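The values are calculated or read from the model by the stated rules, or taken from the named source; none is laboratory data. Given the structure is predicted, the values throughout are model-derived calculations rather than measurements. Methodologically, a virtual Cβ is constructed for each residue, glycine included, from the backbone with ideal geometry; neighbour enumeration extends over all protein chains shown.
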Amino acid sequence: MKHCNESGMALITTLALMALVGVLVASAVALSQYTSAEIATFTSLTVSRYQAEGAANRLLYRLLQESNLRSGRLLGEKANPSRNPKPTEELTADGSPLQWDCYGKELTVWLYDAVCGYALTGSQPLNLPVHDALKIDKSEFDRWRNILLDYIDRDDFVRDGGMEAVHYRQRKLPVLPRNAPLRYREEVFWLPGAARWFAADEHGVLTVFRPVAPAGLAELNGRPNLFSAPLPVIQRLAGLNDEEIKQVKRALEGWRGQKKPLTESLPPGMISRLGMALNRQESGVYTILVDASEPELPGSRLWLTVRPRLEENELHYYEFLWL
């Protein structure tokens with residue numbers, strides 16, 4: 001006997017199965033696309049890291065190769081042809097962008113002197129009136145500096161406005177303070193208030209401070225390099241007003257872009273002030289930045305600080321960071 005209420009059940013079941021198959025196929029396609037994109041991203045990042053390390057190693061080789069040309073050279077002046085028959089090929093740690101072909105890909109490379117900013121090492125770090133350039137109240141900055149001094153000293157005495165272990169426990173930071181010298185410059189951001197006055201540069205690095213030497217390596221001493229120091233550091237150390245620091249900025253850009261000597265961009269008096277406050281010779285410790293990223297695909301940027309030791313056939317690394 002025929003049951004009318006079962007009419008069309010086969011069609012409904014077929015349509016349901018077709019819909020389920022469609023959902024499964026769509027899911028498989030979406031998963032395949034996601035996996036392909038993930039593999040492409042991982043591959044791009046891995047390849048860019050190899051390329052960045054390759055470019056950095058090539059630059060280090062060039063630094064070692066040209067070590068005899070670097071002694072006594074003033075940055076911001078035209079190279080002496082008697083020192084180098086091919087001065088256009090000579091590397092300078094002045095922050096000029098370089099376009100290098102590395103394994104078939106054009107990378108942007110920067111070379112800086114590593115002595116870039118204030119020193120955070122020693123028993124009296126930041127013993128300078130940096131509040132002048134930072135545009136902050138001196139007493140307020142002195143209180144923050146006391147936090148820094150309490151952080152690195154070995155006693156429990158609390159300076160005016162400073163902080164010791166009990167204060168960090170109140171902030172739920174029981175492992176602080178270190179009660180020892182800083183191990184890296186970004187560590188200052190663990191101190192309350194540091195982010196208000198000290199900011200990263202255009203590359204995302206805290207170059208207002210010079211790198212902290214790892215254990216066993218020599219500290220970076222001396223005056224900050226004019227071509228590596230951030231503008232607030234230059235302004236404070238050379239005692240420049242706002243208009244003068246703008247003039248210095250244009251002169252540095254002119255050198256990096258067109259190799260226009262500083263003597264053609266700045267008056268002799270200002271060059272003398274800059275020379276007394278900052279260094280224009282290379283310290284022998286270099287910071288290398290390699291940008292291996294692409295607009296279409298993700299990539300990596302390598303930031304490393306190294307002291308080539310030709311006489312010892314060694315490379316002393318101070319920093320090795322992926323940005």
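Scanning region 268-293 for residues that are under 14 Å from Val109 (Cα atoms) and more than 15 Å from the chain's Cα centre (by Cα) gives a single hit, Ser293. Checking each residue in region 262-280 for being over 24 Å from Leu126 (Cβ atoms) and crowded, with 16+ Cβ neighbours inside 10 Å picks out Leu262, Ser265, Leu266, Met270, Ile271.
Before we move on, is Leu20 surrounded by 10 or more Cβ atoms within 10 Å (Cβ to Cβ), closer than 30 Å to Val306 by Cα, over 26 Å from the mean Cα position of the chain (by Cα) and modelled with pLDDT under 80? First the steps, then the outcome.
On the way: surrounded by 10 or more Cβ atoms within 10 Å (Cβ to Cβ): yes; closer than 30 Å to Val306 by Cα: no; over 26 Å from the mean Cα position of the chain (by Cα): yes; modelled with pLDDT under 80: yes.
It is false that Leu20 is surrounded by 10 or more Cβ atoms within 10 Å (Cβ to Cβ), closer than 30 Å to Val306 by Cα, over 26 Å from the mean Cα position of the chain (by Cα) and modelled with pLDDT under 80.
Would you check which residues across region 209-218 are surrounded by 14 or more Cβ atoms within 10 Å (Cβ to Cβ) and over 18 Å from the mean Cα position of the chain (by Cα) and list them? The one that is surrounded by 14 or more Cβ atoms within 10 Å (Cβ to Cβ) and over 18 Å from the mean Cα position of the chain (by Cα): Leu217. For Ser96, are the conditions met, namely being of a type in the set (S, T, N, Q), in a helix (DSSP H, G or I) and at pLDDT 75 or above? When the stated conditions are applied, Ser96 does not pass them.
Residues in region 152-167 that are part of a helix (DSSP H, G or I) and closer than 21 Å to Leu220 by Cα: Ile152 alone. Only strands (runs of 3 or more DSSP E) whose full extent lies in region 211-323 are considered here, and none of them has at least 3 residues that are aliphatic (A, V, I, L, M), in contact (Cβ under 8 Å) with a residue 60 or more places away in the chain and not assigned by TED's automatic domain parsing to the domain that holds Leu45. Given the condition outside any helix (DSSP H, G or I) and either hydrophobic (A, V, I, L, M, F, W, C) or modelled with pLDDT under 75 (or both), answer yes or no: does some residue in region 60-71 qualify? Scanning region 60-71 turns up at least one residue that is outside any helix (DSSP H, G or I) and either hydrophobic (A, V, I, L, M, F, W, C) or modelled with pLDDT under 75 (or both).
Scanning region 168-208 for residues that are surrounded by 12 or more Cβ atoms within 10 Å (Cβ to Cβ) and part of a helix (DSSP H, G or I) turns up Tyr168, Arg169, Arg185, Glu186, Glu187, Val188, Phe189, Trp190, Ala194, Trp197.
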